[in-house]
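One structure is given here, and the rest of the page talks about it.
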Amino acid sequence: MSKSPFKTTRSNWSTSLSTVVGMTLTLTMLGLLSLLFLFGRQWQQQLREQVMVQVFLEQELDEPAISRVKKQLEAEGFSRSVTYITAKEASEQMEAELGEEFIDFLGYLPVPPSIDLQIEPTYASLDSLTWIGEEIGAIEGVTDVEYQKVLLGRLEENIRKLSLPLLILAVLLLLIAIALINNTIRLSIFSRRFIIKSMQLVGATRGFIRRPFILKGIWFGVLSGLFAFALIVGLLALFRRMTGNMLDSLDLLTFGELFGVVIVLGILIAWLSTHFAVNKYIRLRQDQLY
């Protein structure tokens with residue numbers, strides 16, 4: 001009985017192992033880069049969720065007027081939460097911060113009543129807050145609107161400065177990863193070029209020839225993705241022990257996204273590389289295989 005062309009041998013095990021190891025290391029590099037982007041996006045989202053606008057009201061504003069301003073702010077699409085702070089609460093808060101009691105000495109409340117308006121993260125940008133401040137300032141009973149212009153300006157400037165270099169780095173690393181995985185798979189298929197040609201000579205279609213190689217390549221992609229994800233998690237656990245609570249903000253959603261990115265990249269790159277590598281040997285003439 002003839003042996004199957006895809007029968008596992010020691011040589012095939014060695015080739016498969018080197019392929020999986022090479023893909024695992026490459027996907028680990030891509031996974032760490034993806035984690036950097038996910039972590040940066042999460043950090044940026046957290047900063048935007050903390051953006052607060054202080055709306056100062058007229059000192060003599062009565063309760064019905066204050067209630068009207070609150071309802072008007074709550075109805076706006078950019079409002080996430082509205083918290084009213086009385087003049088007494090604001091003055092006492094200032095006393096606690098300064099460590100001095102000056103309300104009794106002055107005989108009046110020096111800080112006007114205000115509303116702390118938490119902005120929806122999608123509106124937490126300098127351009128959006130500019131027109132939001134103008135719109136709030138036009139409300140009757142509002143004397144002043146304040147928000148962290150300098151901090152937001154620096155944040156957006158730093159994001160703009162870092163975005164292009166990180167994008168270029170990501171593209172370069174992705175191209176390098178694709179090239180490395182592609183070469184690894186090509187070497188794996190190179191050892192089976194005669195099998196490919198034999199199948200072609202007996203009348204097998206291109207799709208029939210490619211199918212087992214592509215399925216095996218996809219399996220290598222999934223396996224390498226799982227190993228790469230496990231390696232990344234292990235590196236993060238080690239890094240967390242060294243840095244304390246620096247990585248505590250990474251949640252299950254971020255890890256889920258990272259897992260999906262690594263697995264999908266592994267499958268996609270392995271499938272494309274296998275497809276083109278097999279096609280290359282299908283197109284070769286018999287004398288070109290040596």
key: LEU35, LEU272, LEU265 arranged by Cβ crowding within 10 Å, fewest neighbours leading   = LEU272, LEU35, LEU265
message = Applying a 10 Å radius around every beta-carbon, put 253-261, 40-48, 226-234 in order of their mean neighbour count, most first.
response = 226-234, 253-261, 40-48
request  = With r as the distance between the Cβ atoms of GLU134 and GLU63 and R0 = 45 Å, compute the FRET efficiency 1/(1 + (r/R0)^6) and round to 0.05.
outcome  = 0.95
task = Please report the relative contact order for region 163-276, taking Cα pairs under 8 Å with a sequence separation of at least 6, and give it as a percent rounded to a whole number.
result = 45
note = 1/(1 + (r/R0)^6) with r = Cβ-Cβ of GLN44 and LEU268, R0 = 41 Å, i.e. FRET efficiency to nearest 0.05, evaluates to 0.95
query = Points 7 angstrom from Cα along the Cβ direction at LEU252 and VAL202: gap in nanometres?
reply = 5.1
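Computed from the coordinates by the stated procedures, all read-outs in this text should not be read as laboratory data. Keep in mind that what you see is a predicted model, and the values were worked out from it rather than measured. When we count neighbours, we look across all protein chains shown, and the Cβ atoms used for this are built from the backbone with ideal geometry, even at glycine.
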